[in-house]
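The values are calculated or read from the model by the stated rules, or taken from the named source; none is laboratory data. The model shown is predicted, which means the values in this text are computed figures rather than measured ones. Cβ atoms come from the backbone with ideal geometry, glycine included; neighbour counts cover every protein chain shown.
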Amino acid sequence: MALEEYKGVYVFAQQVDGKISNISFELLGKATDLAKDLNTEVTAMLLGKDVKGLADQLAEYGADKVIVVDDPELEVYRTEPYAHAVCSIIKEFKPDIVLYGATAIGRDLAPRCSARVHTGLTADCTVLEIGDFPLTVAEGQEQKHGQLLMTRPAFGGNTIATIACPDHRPQMATVRPGVMQKIDKKAGAKAEVIEFNPGFTKNNCYVEVEKVVKMVNDTVDISAAKVLVSGGRGVGSKENFALLQDLADALGGVVSCSRAAVDSGWCDKDQQVGQTGKTVRPHLYFAIGISGAIQHVAGMEESDIIIAINKDASAPIFDVADYGIVGDLNKIVPLLTDKIKKAQEEKNQTA
């Protein structure tokens, strides 16, 4: 494989029903950083039916080029036509790096593409950067430069692994929503649009979508919340989560939880923060009755301000918290809620 032929950082721009998923903008932000280090360009791969008009949105968030595959076969996500289209782009344009969102679609698509183009894939990355590999060079070993270093939790989150793919291209990774940050929107930005037709020939791997049933979910997306009040096993019961809801309401925030709360049946899976839940980055994060296991911390450590409330003074959550309160949450949380409500009332009276 002639590695020098592979250039550029590519992002699979996921869209559903003609709306680009937020993870695509987050990946473009990280792709922009990687491209600067490699002195190359950022290219978005936009697949679907009647989607060419979405190219400008991708340009506003960092895409220099947008490769559009517009075909009726791509109207609804199906593994085979999407995998064929992405692999055709890879074979034609030879990207150095390809990034996917670790969504239901990305987790289905990325491994199939990596297998078809005979390269590796690192899943659920928390850090992506350009550097030298191996990190420590043994005697007689060659160190390669300009490699994509992909960092992710391993062994159940008990260690952190840095992985590279030095001998094959493209280098591929998936990233969970909320891990990377979007760049500031550049209103009016334009990208070079390349229309590409890989040709679609149905085979026995094509499925027919008979009906799409859309479920209405009343749960608020915690990954978009600016204030999160999160509870863990230490909350004690489902009924006690009412205290957290009162605090969240007073702050205009949303209630979230740790895996222990989900396993206990106190909260829904959609509310879970952590390695097996969602990665969040709110302005304010309350960790109430949460011990601070690495699996949970991995999903919220990038919050701007972290406030921990726990009766165990030695709980690991205090190591990552900006502010910590040691005591009984059943007494502390109601007092805190009352103080916040009174402060807001006073502010409204003086306004």
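Data for the structure
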quantity	calculated
Asp268 vs. criteria more than 20 Å from the chain's Cα centre (by Cα) and among the charged types (D, E, K, R)	no
For Glu129: the one exception among (1) surrounded by fewer than 19 Cβ atoms within 10 Å (Cβ to Cβ); (2) in a helix (DSSP H, G or I); (3) under 22 Å from the mean Cα position of the chain (by Cα)	(2)
Among residues of region 1-21, those that are under 18 Å from Glu73 (Cα atoms) and among the charged types (D, E, K, R), counted	2
Residue within region 60-80 that is assigned to a helix (DSSP H, G or I), assigned by TED's automatic domain parsing to the domain that holds Met180 and small (Gly, Ala, Ser) present	no
Residue list for region 17-47, filter: part of a strand (DSSP E or B) and either within 12 Å of the chain's Cα centre (by Cα) or in contact (Cβ under 8 Å) with a residue 60 or more places away in the chain (or both)	Ala44
Qualifying residue in region 59-67 (condition: touching a residue at least 40 places away in the same chain (Cβ under 8 Å) and more than 23 Å from Glu129 (Cα to Cα))	yes
Tally of residues being free of Cβ contacts under 8 Å to residues at least 60 places away in the same chain and either within 16 Å of Cys125 (Cα to Cα) or crowded, with 20+ Cβ neighbours inside 10 Å (or both) across region 78-107	2
Verdict on Glu142 being among the charged types (D, E, K, R) and over 22 Å from the mean Cα position of the chain (by Cα)	yes
Test result for Thr136, closer than 30 Å to Glu302 by Cβ and of a type in the set (Val, Ile, Thr)	yes
Of all residues in region 291-326 being closer than 22 Å to Ile222 by Cβ, without any contact (Cβ under 8 Å) to a residue 24 or more places away in the chain and β-branched (Val, Ile, Thr), the one that is surrounded by the most Cβ atoms within 10 Å (Cβ to Cβ)	Ile306
Qualifying positions in region 267-307 - out of contact with any Ser or Thr (no Cβ under 7 Å at 6 or more places or on another chain) and closer than 17 Å to Asn240 by Cβ	Cys267, Gly289, Ser291
Lone qualifier among Thr103, Thr122 - being under 17 Å from the mean Cα position of the chain (by Cα) and at pLDDT 95 or above	Thr122
Tally of residues being under 22 Å from Asp338 (Cβ atoms) and aliphatic (A, V, I, L, M) across region 197-256	13
Residue in region 62-72 that is touching a Phe, Trp or Tyr at 6+ places or on another chain (Cβ under 9 Å), more than 19 Å from Phe196 (Cβ to Cβ) and either at pLDDT 95 or above or of a type outside the set (Ser, Thr, Tyr) (or both) present	yes
Options Gly289, Gly299; residue that is within 20 Å of Ile23 (Cβ to Cβ) and outside the structural domain of Asn22 (by TED's automatic domain parsing)	Gly299
Considering residues of region 256-290 that are among the hydroxyl-bearing types (Ser, Thr, Tyr) and surrounded by 20 or more Cβ atoms within 10 Å (Cβ to Cβ) only, the residue nearest to Met180 (Cα to Cα)	Thr279
Test: residue in region 179-186 that is closer than 28 Å to Val127 by Cβ, without any contact (Cβ under 8 Å) to a residue 12 or more places away in the chain and among the acidic types (Asp, Glu)	yes
Strands (runs of 3 or more DSSP E) wholly inside region 143-213 that include at least 2 residues being touching a helix residue (DSSP H, G or I) at 6+ places or on another chain (Cβ under 6 Å) and at pLDDT 90 or above	171-175
Search result, residues across region 295-351 that are under 28 Å from the mean Cα position of the chain (by Cα) and among the β-branched types (Val, Ile, Thr)	Val297, Ile305, Ile306, Ile307, Ile309, Ile317, Val320
Some residue of region 9-16 being crowded, with 16+ Cβ neighbours inside 10 Å and over 18 Å from Pro177 (Cα atoms)	yes
